[in-house]
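Remarks on the structure that follows.
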Amino acid sequence: MTSQIAVVVSDGRLYYRLVEELKGKGLSFIAKKPGEKIPLTIKVVLTTKDLENYVEHHTVVTLNEENIDEGLAKALRIIKGFEAEKCKELVVGIDPGKNIG
């Protein structure tokens with residue numbers, strides 16, 4: 001499976017936690033150093049606020065140790081084609097048909 005996520009993080013603790021979360025969710029990813037070229041197949045780059053300017057990619061999600069889950073959720077929405085700002089809740093309605101019960 002081709003990786004769709006790139007990780008560009010210089011903080012060792014954050015990198016370790018982020019990698020554990022990605023592996024735990026069964027997501028493949030590549031790790032890059034700040035300033036390295038990101039492959040065109042990557043849909044989203046996870047990085048920190050201080051490294052954001054070193055990442056040349058159209059879709060960058062910034063995170064820190066306090067919001068890893070939030071950052072990963074946003075990255076997954078982007079990968080699946082949902083805009084993170086528009087899709088915060090999904091409501092499902094069930095039509096019972098002609099006869100209820």
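The values are calculated or read from the model by the stated rules, or taken from the named source; none is laboratory data. Just so it is clear, the model here is predicted, and its values are computed rather than measured. Neighbour counts are summed over all protein chains in view; Cβ atoms, including those assigned to glycine, are modelled from backbone coordinates with ideal geometry.
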Exercise. Given the structure, is V44 at pLDDT 90 or above and either hydrophobic (A, V, I, L, M, F, W, C) or in contact with a His (Cβ under 6 Å, 6 or more places away or on another chain) (or both)?
Worked result: yes
For this session: For segment 56-74, state whether one or more residues are surrounded by fewer than 12 Cβ atoms within 10 Å (Cβ to Cβ), free of Cβ contacts under 8 Å to residues at least 24 places away in the same chain and part of a loop (DSSP other than H, G, I, E, B).
Result: yes
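Results for (1) assigned to a strand (DSSP E or B); (2) touching a Lys or Arg at 6+ places or on another chain (Cβ under 9 Å); (3) at pLDDT below 90, shown as yes or no for each residue.
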site: E20; (1), (2), (3): no, no, no
site: G35; (1), (2), (3): no, no, yes
site: I38; (1), (2), (3): no, yes, no
site: V92; (1), (2), (3): no, no, yes
For this session: Could you please find all residues in segment 40-55 being outside any strand (DSSP E or B) and of a type in the set (A, V, I, L, M, F, W, C)?
Result: L40, I42, L51, V55
Seminar exercise, completed: Log entry, pairs with first residue in segment 8-25 being of a type in the set (S, T, N, Q), second being crowded, with 18+ Cβ neighbours inside 10 Å and part of a helix (DSSP H, G or I), beta carbons closer than 9 Å, six or more apart or on different chains, reads S10/L51
